[in-house]
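We did not get these values from a lab; they are worked out from the coordinates using the rules stated. Every value quoted in this text rests on a predicted model; they were computed, and no experiment measured them. So basically every Cβ, Gly included, is an ideal-geometry build from the backbone, and we count neighbours across all protein chains shown.
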Amino acid sequence: MTVTSTEIPQRRELKTALPGPKSQELAARRSSVVAGGVSSTLPVYVARAGGGVVEDVDGNTLIDLGSGIAVTTVGNSAPRVVDQVTDQVADFTHTCFMISPYEEYVAVAEKLAELTPGDHAKKSALFNSGAEAVENAVKIARYATGRQAVVAVDHAYHGRTNLTMALTAKAMPYKKGFGPFASDIYRVPTSYPFRDPEGMTGEQAAQRAITMAEKAVGADQIAAFIMEPIQGEGGFIVPAPGFLAAIADWCKANGIVFIADEVQSGFARTGEWFAVDHEGVVPDLVTTAKGIAGGLPLAAVTGRAELMDAVHPGGLGGTYGGNPVACAAALGAIDTMEQDGLLGRAAEIERVATVKLRELQAKTPAIGDIRGRGGMLAIEIVKPGTKEPDAELTAAVAKRCHEQGVIILTCGTFGNVIRLLPPLVISDELLLEGLDVLGEAFAALG
């Protein structure tokens, strides 16, 4: 496949040790003015990025297998995104859609109505971040149903605001010391095939969750059931087939709003427009962000028109929500996905990478599981011969890859999962080279 062109040479090249001297100078400046609670995975400072590489201020080019946590799906500085943004900036940068609206917001809402699952009438509201989208989806569900309780699942990640921290399952670093959290949030087990009892089906895992929700909360008290169709920070957990459908059916039967949090898994990332499409599930509300706008801050709640219209005028919004420049970027990013066949490219990445990862698993006892869909793949690392998580080895493998010029990310409730999120415009050659470096890291660290 022909991938998006870029002026940056598409190769890994290390001219200095990492971090280089200019990155070290910037790190020293940062230490005196940037809050310590804001951390960075790699101590290198970026000058340019495009295609499948990131170039730092010292001239080193690194293979990008992270996409800024699934944001630059179409690559950094994708031509259509750049063109749309440049034109929009020249026209105007802001008016606030709640004051004097503009076409770009409407055009994004039209694309969301077209692309999100289901053929029912849909409407959208635009925001700035995934956490904002999730928070507003909960507001809409509570308003429309007149109920208060919200059910989330184990290993969930939904954001860093007070409400979304309550929905998030992992304490460190997301919740520790930041409470008290929003009330009427309840948690039930999800489907985690690698760690569930052997032979448990998706339907059985769903019934386990439903039983807990009914006993602990009561179906008639629940406004919304929210989950990521493929969990992100929790470990790229793909539920067993049938789990999502059974949950969605139960929600429908009980007047519960089923919210699919597609912030990380949406917009072609998994080889479909949205991860729920793999299961044929149609949510009531879908939250999106990250890959929607090629790197600019934009998010959305899209859902059934009757739900989206339930809230009184003025009840939804925000000063920057649906900013015209971010909307222009989204239109350029979606056009890139459609015109360049990036859904198919995600499926190709899965095929190419999975072969390599299975070969690596066969000779690496510490790899307990390989999973994921499209360009959203994961390696779960355990103590050999067990399912005991090995967070220490996971961190060491990631660190070695970083030192060798490959950007990879870790995740998981137990800190033992390597997640791969390459830009969908990456070449096979760069992808395979990055995986070779990953394999060398495992070999070197035993």
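GNM on the chain, C-alpha springs below 10 Å: top fluctuator among ARG373, ARG195, ARG351? Of the options given, ARG195 has the highest mean-square fluctuation.
Springs between Cα atoms under 10 Å define the GNM used for the chain, and in it the highest mean-square fluctuation of ALA137, ALA305, ALA289 occurs at ALA305.
Only loop residues by DSSP count here, and only those with at most 14 other Cβ atoms within 10 Å; note down the chymotrypsin sites (Phe, Trp or Tyr not before Pro) in the stretch 48-125 that meet that.
Working: sites: PHE92, PHE97, TYR102, TYR105; in loops: PHE92, PHE97, TYR102.
For chymotrypsin sites (Phe, Trp or Tyr not before Pro) across the stretch 48-125 that sit outside H, G, I, E and B with at most 14 neighbouring Cβ atoms in 10 Å, the list reads PHE92.
Residues in the stretch 123-137, backbone N under 20 Å from the label point at ALA107 (7 Å along the Cα-to-beta-carbon vector): list them, ranges by number please. In the stretch 123-137, the label zone of ALA107 (backbone N under 20 Å from the point 7 Å along Cα→Cβ) covers 123-128. Computed from the C-beta positions of ARG351 and MET172 and an R0 of 35 Å, the FRET efficiency is 0.45 to the nearest 0.05.
Charge tally around GLU103: other residues with Cβ under 12 Å, Lys/Arg +1 each, Asp/Glu -1 each, net -3.
First select every other residue whose beta carbon is under 13 angstrom from the beta carbon of ILE222; then total the charges, Lys and Arg +1, Asp and Glu -1. Don't jump to the answer; show the numbers that get you there.
Values: positive: ARG142, ARG147, ARG187, LYS215, LYS252; negative: ASP184, GLU214, ASP220, ASP284.
In short, +1.
With charges set only on the Cβ (+1 for Lys and Arg, -1 for Asp and Glu), what does the dipole of the chain come to about its Cα centre, in debye to the nearest 20? Intermediate results must be reported in sequence, preceding the final value.
Working: 38 positive and 52 negative charges, 252 e Å.
Charge dipole, the chain, about its Cα centre: 1220 debye, nearest 20.
Highest mean packing first, where packing is the average number of other Cβ atoms within 10 Å per residue, the peptides 260-272, 171-183 line up as 260-272, 171-183.
Report the number of Lys pairs in the stretch 81-339 whose alpha-carbons are under 19 Å apart, with separation of 8 or more residues or on distinct chains.
Working: LYS111/LYS122; LYS111/LYS123; LYS111/LYS290; LYS122/LYS139; LYS122/LYS252; LYS123/LYS139; LYS139/LYS252; LYS215/LYS252.
For the stretch 81-339, the number of qualifying lysine pairs is 8.
List the residue ranges in the chain for DSSP H helices whose C-alpha atoms run 15 angstrom or more along the long axis and whose Kyte-Doolittle average is 1.0 or above. Show your work: numbers first, answer last.
Details: long enough: 21-33 (19 Å, -0.95); 79-91 (18 Å, -0.44); 103-115 (18 Å, 0.17); 130-145 (23 Å, 0.04); 202-216 (21 Å, -0.54); 243-253 (16 Å, 1.14); 324-339 (22 Å, 0.79); 342-362 (29 Å, 0.13); 391-403 (18 Å, -0.12); 428-445 (26 Å, 0.94).
Once both thresholds are applied, what remains is 243-253.
Between LEU445 and GLU25, the modelled labels are 3.2 nm apart [label points 7 Å from Cα along Cα→Cβ].
When the chain is fully extended, how far beyond the present Cα-Cα distance does THR95 get from HIS120, taking 0.36 nm per residue of separation?
Working: separation 25, 0.36 × 25 = 9.00 nm, distance 3.12 nm.
Full extension of this stretch gives 5.9 nm more.
Considering only ILE408, THR288, GLY218, the residue lying farthest towards the positive end of the dipole of the chain is GLY218, judged by Cα position with unit charges set on Cβ. The Cα center of the stretch 133-188 and the Cα center of the stretch 256-300 differ in position by 18 Å.
Among DSSP beta bridges whose residues both lie in the chain, state the antiparallel percentage, nearest 5. List each step's numbers first, then the result.
Details: 32 of 48 bridges.
Around 65 percent of the beta bridges assigned by DSSP in the chain are antiparallel ones.
Extent along the principal axes, Cα only, for the stretch 111-153: 30, 24, 21 Å, with the longest axis given first.
Just to verify a number: FRET efficiency for SER183 and ALA47, C-beta to C-beta distance, R0 = 45 Å, to 0.05?
Numbers: r = 46 Å, r/R0 = 1.02.
That pair, SER183 with ALA47, gives E of 0.45.
Inter-label distance, GLU429 to ALA253: 5.5 nm, where each label sits 7 Å from its Cα along the C-beta direction.
Looking at the chain as a GNM with Cα springs under 10 Å, which of GLU135, GLU338, GLU233 has the largest mean-square fluctuation? Looking only at GLU135, GLU338, GLU233, the largest GNM fluctuation is found for GLU338.
Quick check for me: using +1 on Lys/Arg Cβ and -1 on Asp/Glu Cβ, what's the dipole size of the stretch 81-339 about its Cα centre, in debye to the nearest 20? Show your work: numbers first, answer last.
Working: 18 positive and 30 negative charges, 221 e Å.
Using only the charged Cβ atoms, the result is roughly 1060 debye.
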